[in-house]
Amino acid sequence: MNKEGVILIAEDDEGHFELIKRTLQRAGVCNEILRLADGQETLDFLFIKGDGPKRESNKEYLLLLDIRMPKIGGVEVLEKIKQDPELKKIPVIMLTTTDDPITIEHCHGLGCSVYIVKPVEYEDFTDAVRKIGLFLSVVEIPQISGVR
Amino acid sequence: MHPHPAVILDIVTFLACLSALIILYKSSRCATQRGAQLLFTGLLVFTLLCYSFCLIIEWSGVTLRLDTLENLTGALVPMCWAFVFYAFHKSISEQSLRESEARFYELFDEAPIGYHELDTKGRITRVNQTELKMLGYTDEEMLGRPVWEFVIEEETSRQAVLDKLSGAIPPGQSFERTIRQKNGNTLAVLIEDRFLHDDAGNIIGIRSTIQNISKRKQTEETLAKEHNLLRTLIDNMPDNIFVKDTESRFVLCNIAIARSMGAATPDELLGKTDFDFYPKELAERYYADSQKVMQSGESLVGQEEPAIDAAGNRKWYSTTKVPLRYENGKIVGLVGISRDITERKQAEYDREQLMETLASKNKEFESILYVTSHDLRAPLVNIQGFSHELSLSCEQVRSAIADKKMAKNIDKKVGNALNKDIPEALGFITNSASRMESLLSGLLRLSRLGTAALRIEPLDMKTILADVTRSMEYQIKQAGATVRIESLPSCLGDASQINQVFTNILNNALKYLDDTRPGMIHIYAKKAKIGQNVYCVEDNGVGIAPEHQDKIFEIFYRLEPDKKSGEGLGLTIVKHILERHNGRIWVESEPGVGSKFFVSLPSI
Amino acid sequence: MIHENEVVMLLLGVGVLIFILTSRLRLKQLPSSNIITAAFYVAFASWVLTVLEGLFWEGLLNYLEHICYAVSSILLACWCWKVFGSKKEAM
């Protein structure tokens with residue numbers, strides 16, 4: 001992933017977001033990190049709707065998606081993204097406390113790239129995020145074309 | 001004169017007559033009845049004899065002239081023929097008359113019913129054998145006596161007879177009387193009268209037929225009793241009982257069905273059909289069922305159907321319809337019994353409702369459990385995460401202080417906080433968060449147990465336990481214990497869950513071994529009642545005190561929280577799994593000796 | 001030549017014949033009634049022949065007349081034997 005790529009983190013819990021952001025940065029990720037507070041904001045951003053921030057064309061995006069969010073949940077967001085022919089190119093990493101196997105399978109079925117369970121043990125958590133960071137440094141992400 | 005050849009014929013005639021005469025003579029010696037016939041025939045034959053004798057004389061050429069005799073006998077012959085035929089004719093007539101009279105008497109006397117004739121004063125003028133036998137009298141005892149002397153209802157009979165004879169009342173239908181036999185017993189009879197008229201049309205007597213109807217009366221009585229019994233029986237039954245004909249019209253009903261259809265008496269329903277009482281769709285349904293039963297000849301048993309009673313309430317009945325057959329096998333209708341099962345249906349419905357409510361409450365509870373345990377984890381992430389951040393910050397401060405040469409006293413104050421208090425506090429926070437996490441994790445697992453689908457199949461317990469021991473090989477070695485497994489019967493259950501059960505039990509056994517002796521774990525089967533297998537895991541560990549033995553199955557309960565690890569969920573999970581399998585777990589234990597954990601599972 | 005007595009015989013015979021013919025049904029009840037009625041018919045025939053022989057064919061009819069007598073008598077004898085013969089009580 002090149003340095004201009006944007007990492008989107010859809011996470012309603014501020015604390016979680018901070019932790020993830022700090023860990024990523026400590027892991028050496030220097031891309032722009034953008035927070036999307038809930039599902040609605042995420043969809044508005046990606047589908048260029050509403051009042052909030054919107055995505056720009058010809059940029060690389062990666063989405064870290066939490067499932068438990070108010071208004072619109074993570075699974076629904078995932079579904080909507082993967083239904084759009086352009087947006088489905090965005091790699092989606094599910095990062096959530098839910099470890100229910102049924103949900104995991106469902107998300108994979110919808111087309112998420114990776115599903116990670118947030119470990120509560122801090123060591124494990126930071127470890128996992130660090131690994132995500134390393135992963136991000138090597139992964140190639142397509143550019144998403146123009147705003148419609 | 002020469003003899004005429006015809007003389008031979010005359011001789012023949014003569015001889016024939018002679019032989020006839022001889023026959024007749026012989027017959028007269030033995031026979032008794034034929035006086036006249038014999039006489040006239042004899043006369044004829046004798047006359048013919050003489051005549052033929054004369055002819056012989058005439059034609060033989062003898063000069064003797066017997067003309068007069070010849071003429072006389074010749075004339076007599078046809079007369080004799082006439083007499084003979086007349087005599088026979090008469091006797092035949094007499095015979096016929098006698099025969100017909102005899103037949104008449106036979107008819108009269110031997111008739112299958114009693115006959116008697118009365119004169120104008122009601123006295124018996126003639127009575128047949130049958131009637132005499134019926135009453136036990138001789139004809140002398142009955143002839144001449146007024147007929148009512150033999151009847152129990154003497155006065156009624158006398159009046160009726162005299163009225164009939166006087167022409168006041170015509171002979172009408174047959175009527176019943178009780179007559180007195182000679183031996184004193186009474187007999188029920190049916191009498192029918194006819195008038196006897198003379199040529200002028202006046203009534204000169206009565207001829208009556210008497211029929212013994214005592215048997216019939218007895219049969220009638222028995223029949224009435226049986227009918228009464230049957231009627232009482234069906235009227236006392238609480239179920240609706242009915243009989244219908246091939247057109248589905250009611251032929252027989254009991255009180256119960258009359259009441260349920262709003263009729264005052266069962267008779268009101270007779271001849272009517274369901275269409276007269278029920279709304280069209282219901283009536284059509286009943287009609288279709290009835291027709292099917294009668295046409296196919298197959299019974300309809302225990303069919304549950306809706307109905308509406310007289311008050312308009314909705315009811316449920318369990319109906320059985322059976323085809324009604326005559327002796328020749330032909331189906332002439334059907335018999336039906338209907339039981340009111342409204343209450344049962346209501347109970348069933350209520351139960352269903354209850355089950356549904358229960359199921360939904362259960363689901364609700366489980367989802368609460370899930371959501372709660374899940375939602376509580378999120379803050380935990382923060383607690384732990386930022387605890388770590390804090391400690392990192394502390395580190396930073398510490399290293400910053402170490403770099404800069406700060407004043408000794410500040411270092412001491414800050415040092416205490418930095419090196420002792422803050423890490424200590426953070427330690428507690430982190431530990432508590434971990435503890436919460438494991439508790440919640442356990443709760444989540446427990447709630448998921450209730451929802452996970454069970455795959456019940458026959459399980460080879462040997463294989464299951466082999467798997468369990470293999471996966472715990474390391475712990476077993478670490479604890480220095482030996483595990484002995486006997487042959488175990490197969491059971492029905494979900495493989496992974498049963499695996500979990502024995503893993504948990506074995507885990508506990510290893511955890512609570514006695515340090516003073518090498519651990520011995522023995523797994524075997526015990527005899528149990530039909531349908532259940534009991535497996536036992538016996539150890540020689542520290543044992544469990546009686547007051548703890550029930551509690552160990554409670555959620556989060558730990559026997560030695562300080563010394564041993566674990567969340568206290570193992571046995572709770574085991575209990576839950578077994579309950580879902582219709583099994584049980586219980587323990588027998590003695591502190592210092594060891595424990596026995598019994599698991600019961602359904603057998604194959 | 002017709003003799004009056006022969007005519008008288010015939011006339012009487014006719015009377016009996018009429019009687020027989022009218023009560024034929026009743027007479028059928030007689031035992032072996034065929035034989036005795038046959039005997040009579042033959043006798044009647046002989047009376048007829050006696051009268052006729054006075055008119056024509058004297059010789060032949062005379063023969064026949066005597067034959068008839070004989071036959072009639074034989075039949076009568078047979079009938080007597082049948083009806084009144086040994087051990088026959090009732091008619």
Return the residue satisfying two criteria in turn: it lies in the stretch A:93-148 and is assigned to a loop (DSSP other than H, G, I, E, B) and modelled with pLDDT of 75 or more, and of such residues it is farthest from A:Asn31 (Cα to Cα). A:Asp100
Just one of the numbered conditions (1) within 13 Å of another protein chain (Cβ to nearest Cβ); (2) surrounded by fewer than 16 Cβ atoms within 10 Å (Cβ to Cβ); (3) closer than 28 Å to B:Asn431 by Cα is not true of A:Thr97; which one? (2)
Does B:Ser373 count as within 30 Å of B:Ile573 (Cα to Cα), at pLDDT below 80 and within 14 Å of chain A (Cβ to nearest Cβ)? yes
Mind counting the residues in the stretch B:38-58 that are buried (at least 20 other Cβ atoms within 10 Å of the Cβ) and either within 11 Å of chain C (Cβ to nearest Cβ) or of a type in the set (Ser, Thr, Tyr) (or both)? 11
Looking for something touching a Leu at 6+ places or on another chain (Cβ under 9 Å) and under 18 Å from A:Val29 (Cα atoms) - is there at least one such residue anywhere in the stretch A:83-92? yes
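Quick one: which of B:Ala453, B:Ala466 is surrounded by fewer than 16 Cβ atoms within 10 Å (Cβ to Cβ), assigned to a loop (DSSP other than H, G, I, E, B) and not basic (Lys, Arg)?
Numbers: B:Ala466 fails: assigned to a loop (DSSP other than H, G, I, E, B).
Selected residue: B:Ala453, the only one of B:Ala453, B:Ala466 that is surrounded by fewer than 16 Cβ atoms within 10 Å (Cβ to Cβ), assigned to a loop (DSSP other than H, G, I, E, B) and not basic (Lys, Arg).
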Matching residues in the stretch B:583-604 - criterion: being touching a Ser or Thr at 6+ places or on another chain (Cβ under 9 Å) and part of a loop (DSSP other than H, G, I, E, B): B:Gly583, B:Ile604
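Select, from B:Gly450, B:Gly385, the only residue that is in contact (Cβ under 8 Å) with a residue 60 or more places away in the chain, within 14 Å of chain A (Cβ to nearest Cβ) and not aromatic (Phe, Trp, Tyr).
Working: B:Gly385 fails: in contact (Cβ under 8 Å) with a residue 60 or more places away in the chain.
When all the criteria are applied, what remains is B:Gly450.
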Residues being of a type in the set (Asp, Glu) and either within 11 Å of the chain's Cα centre (by Cα) or surrounded by 17 or more Cβ atoms within 10 Å (Cβ to Cβ) (or both) - total across the stretch A:1-23: 3
Under the condition of being more than 7 Å from chain B (Cβ to nearest Cβ) and of a type in the set (A, V, I, L, M, F, W, C), which residue from the stretch C:1-15 is farthest from the chain's Cα centre (by Cα)? C:Met1
State the number of residues belonging to the stretch A:24-53 that are under 15 Å from the mean Cα position of the chain (by Cα) and in a loop (DSSP other than H, G, I, E, B). 4
Log entry, pairs with first residue in the stretch B:410-429 being assigned to a helix (DSSP H, G or I), second being among the basic types (Lys, Arg) and at pLDDT 75 or above, beta carbons closer than 8 Å, six or more apart or on different chains, reads B:Leu418/B:Arg398; B:Asn419/B:Arg398
Filter result (crowded, with 17+ Cβ neighbours inside 10 Å and within 16 Å of B:Leu187 (Cβ to Cβ)) within the stretch B:130-155: B:Thr130, B:Glu131, B:Leu132, B:Met134, B:Leu135, B:Tyr137, B:Met142, B:Val147, B:Trp148, B:Phe150, B:Val151
Mind checking which pairs have a first residue in the stretch B:39-56 that is closer than 10 Å to B:Gly74 by Cα and a second that is of a type outside the set (Val, Ile, Thr) and not in a helix (DSSP H, G or I), Cβ under 7 Å, 6 or more apart or different chains? B:Cys54/B:Leu66
Long-range neighbours under 6 Å by Cβ, at least six apart or interchain, first residue within 8 Å of B:Ile152 (Cα to Cα) within the stretch B:174-189, second surrounded by 14 or more Cβ atoms within 10 Å (Cβ to Cβ) and of a type in the set (Gly, Ala, Ser): B:Thr178/B:Ala188
Meets criteria (exposed (fewer than 13 other Cβ atoms within 10 Å of the Cβ) and within 18 Å of B:Arg231 (Cβ to Cβ)) for B:Ala311: no
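Would you check if B:Ile498 is at pLDDT 90 or above and either aromatic (Phe, Trp, Tyr) or within 21 Å of B:Phe556 (Cβ to Cβ) (or both)? Explain how you work it out, then say what you get.
Working: at pLDDT 90 or above: yes; either aromatic (Phe, Trp, Tyr) or within 21 Å of B:Phe556 (Cβ to Cβ) (or both): no.
The answer is no for B:Ile498.
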Return yes when B:Leu578 is hydrophobic (A, V, I, L, M, F, W, C) and more than 56 Å from the chain's Cα centre (by Cα) and no when it is not. no
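Which of the strands (runs of 3 or more DSSP E) found entirely inside the stretch B:244-342 contain at least 2 residues meeting this: charged (D, E, K, R), touching a residue at least 40 places away in the same chain (Cβ under 8 Å) and under 22 Å from B:Ile234 (Cβ atoms)?
So the answer is B:331-340.
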Could you tell me whether the stretch B:147-161 includes any residue that is farther than 30 Å from C:Ser33 by Cβ, hydrophobic (A, V, I, L, M, F, W, C) and in contact with a Phe, Trp or Tyr (Cβ under 7 Å, 6 or more places away or on another chain)? yes
Hits in the stretch B:217-243 - residues which are touching a residue at least 24 places away in the same chain (Cβ under 8 Å) and more than 23 Å from the chain's Cα centre (by Cα): B:Lys217
Please determine whether any residue of the stretch B:161-177 is touching a helix residue (DSSP H, G or I) at 6+ places or on another chain (Cβ under 7 Å), outside any helix (DSSP H, G or I), in the same structural domain as B:Val293 (by TED's automatic domain parsing) and modelled with pLDDT of 85 or more. no
Please pick out the residue among B:Leu118, B:Leu107, B:Leu135 that is modelled with pLDDT of 85 or more and within 22 Å of B:Gln218 (Cα to Cα). B:Leu135
Looking at the stretch B:113-153, which of its residues are in contact (Cβ under 8 Å) with a residue 12 or more places away in the chain and among the β-branched types (Val, Ile, Thr)? B:Ile113, B:Thr120, B:Ile124, B:Thr125, B:Val127, B:Thr130, B:Val147, B:Val151, B:Ile152
Report yes if A:Gly133 is away from every other protein chain (no Cβ under 14 Å) and within 26 Å of B:Ser387 (Cβ to Cβ), otherwise no. yes
Name the single residue that is farthest from the other protein chains (Cβ to nearest Cβ) among those in the stretch C:16-58 being touching a residue at least 40 places away in the same chain (Cβ under 8 Å) and not in a helix (DSSP H, G or I). C:Leu55
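The values are calculated or read from the model by the stated rules, or taken from the named source; none is laboratory data. In this text the structure is predicted, and so the values were computed from the model without any measurement. Note: ideal-geometry Cβ built from the backbone for every residue, glycine included; neighbour counts use all protein chains shown.
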